[in-house]
Amino acid sequence: MEIGYIGLGVMGGALARRLLLSRALHVYDLNPAAIAALAEAGAQPVQSAAAVAERCEIVLLCLPRSEHVRDVL
């Protein structure tokens with residue numbers, strides 16, 4: 001089962017790092033540096049939120065506001 005994570009800010013990045021301890025993870029964020037940091041920790045970077053959805057059966061979001069969640073969905 002492929003798992004994706006969108007939103008790698010302070011909270012999302014920490015949660016994604018914790019998840020990486022037990023499983024593979026595809027990650028995306030608007031900030032390329034956040035993606036690179038998680039890639040260095042072992043995550044698989046992808047180029048868009050849509051790419052996460054295409055590759056993963058489960059997608060977790062950690063975004064600042066409801067409107068950001070609506071935009072991603």
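If you check Ala34 against the conditions, is it open to solvent by 60 Å² or more (accessible area, probe 1.4 Å) and either assigned to a loop (DSSP other than H, G, I, E, B) or of a type in the set (A, V, I, L, M, F, W, C) (or both)?
On the way: open to solvent by 60 Å² or more (accessible area, probe 1.4 Å): no; either assigned to a loop (DSSP other than H, G, I, E, B) or of a type in the set (A, V, I, L, M, F, W, C) (or both): yes.
Considered against the rule, which asks whether it is open to solvent by 60 Å² or more (accessible area, probe 1.4 Å) and either assigned to a loop (DSSP other than H, G, I, E, B) or of a type in the set (A, V, I, L, M, F, W, C) (or both), Ala34 comes out as no.
State yes or no: is Leu15 part of a helix (DSSP H, G or I) and in contact with a Leu (Cβ under 7 Å, 6 or more places away or on another chain)?
Values: part of a helix (DSSP H, G or I): yes; in contact with a Leu (Cβ under 7 Å, 6 or more places away or on another chain): no.
No.
Starting from segment 4-29, take each residue that is in contact (Cβ under 8 Å) with a residue 60 or more places away in the chain and more than 17 Å from Gln47 (Cα to Cα) and list its partners that are open to solvent by less than 90 Å² (accessible area, probe 1.4 Å) and not in a loop (DSSP other than H, G, I, E, B), counting only C-beta distances under 7 angstrom and pairs at least six apart or across chains.
No pair meets every condition.
Filter segment 1-31 for residues that are open to solvent by 50 Å² or more (accessible area, probe 1.4 Å) and in contact with a strand residue (DSSP E or B) (Cβ under 9 Å, 6 or more places away or on another chain); which is farthest from Glu57 (Cα to Cα)? Spell out the reasoning first.
We begin by selecting, within segment 1-31, every residue open to solvent by 50 Å² or more (accessible area, probe 1.4 Å); these are 1-2, 10-11, 14-15, 17-18, 21-24, 30-31.
Then keep just the ones that are in contact with a strand residue (DSSP E or B) (Cβ under 9 Å, 6 or more places away or on another chain); that gives 1-2, 15, 23-24.
Values: Met1: 6, Glu2: 6, Leu15: 18, Arg23: 14, Ala24: 13 Å.
Going through the qualifying residues, I end up with Leu15.
The values are calculated or read from the model by the stated rules, or taken from the named source; none is laboratory data. Bear in mind that the values here come from a model prediction, so they are computed numbers and not experimental data. Note that each Cβ is placed from the backbone with ideal geometry, even for glycine, and that neighbours are counted across all protein chains shown. Each accessible area value is taken on the protein alone, full model and side chains, heavy atoms only, with ligands, DNA and RNA left out. Shrake-Rupley method; radii C 1.70, N 1.55, O 1.52, S 1.80 Å.
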